[in-house]
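The values are calculated or read from the model by the stated rules, or taken from the named source; none is laboratory data. Because the structure is predicted, anything quoted here is derived from the model rather than measured. Methodologically, a virtual Cβ is constructed for each residue, glycine included, from the backbone with ideal geometry; neighbour enumeration extends over all protein chains shown. For accessibility, only protein heavy atoms count, side chains too; no ligands or nucleic acids. Shrake-Rupley method; radii C 1.70, N 1.55, O 1.52, S 1.80 Å.
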Amino acid sequence: MTTSKPQKLLLRLIVLFAICALWPATPKQGVISGQLGLIVPVAAQAPVTLDRSIRDYKLPSEIPWVERNGTGSLTLYGDASKPGGIYVSLLRRPFDNWSAPHTHPTERYVTVLEGTFLAGTGPVQDRNRVDALKAGTVVSEVPGRMHYDGVGQDGVTLFFIGMGGANSGPANEAPRALADQMSTRLRM
């Protein structure tokens, strides 16, 4: 959403009024620097070594991307192939990269981090019947239901959270009539 000049002016005016209203409530001179004096010695201490059995983490340099056919993936946590455990992963796909119709054995959530995710449903891939999902969109994929997807001109980076299980399965759902596909799209 773009902001027009009158809207920007109104926002600036509101901010100015808020600052004026709060001005008498600002601390007296020296109060803030005194409070900072309590914080700075803590920040200047040597780094603490966390107990990694309580709070584990990976630095960006410790997370290896696996590149295959122009697509990059990495697992941040867990293993998608092991049943019952939670996994978290990232996937980078280039423009015009399409998956065949497939299913997943467990529900998973996909967040579009960057780019355009072209999402379609049903056992037949139809590149003209997809929704273009932009960054910030969260998708819930129902277990065992057929879907396919592609990538817009700007590529895509996806964030997955799901329960592990067998890998994706091939199309095995009976093709639906066009009217059934359209009613499914209208309900979403």
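Brief remarks follow.
- The convex hull around the C-alpha trace of region 49-96, projected and averaged over every direction, spans 4.9 square nanometres.
- In Å², nearest 10: area of Asp96 left accessible to a 1.4 Å probe: 90
- Protein-only accessible surface at a 1.4 angstrom probe places the residues Val112, Val124, Val48 in the order Val48, Val124, Val112, largest first.
- Short to long, the 10 Å bins of the Cα pair-distance histogram for region 73-173 hold 17, 49, 32, 2 percent of all pairs.
- Mean Cα-pair separation over length for region 48-173, i.e. relative contact order, pairs under 8 Å, 6 or more apart, %: 33
- Under 5 Å between amide hydrogens, built in the peptide plane, is the criterion, and for Gly144 it picks out His104, Thr106 among residues at least 5 positions away or on other chains.
- Estimated dipole of region 84-169 in Debye, rounded to 20 [Cβ of Lys and Arg +1, of Asp and Glu -1, Cα centre]: 60
- Ordering of 54-65, 138-149, 80-91 by packing [mean C-beta count within 10 Å, highest first]: 138-149, 80-91, 54-65
- Förster radius 30 Å - calculated FRET efficiency between Ser73 and Ala46, Cβ distance, rounded to 0.05: 0.20
- Of the two radii for region 83-124, the radius of gyration is 0.96 times the Kirkwood radius, both from the alpha carbons; that is the Rg over Rh value.
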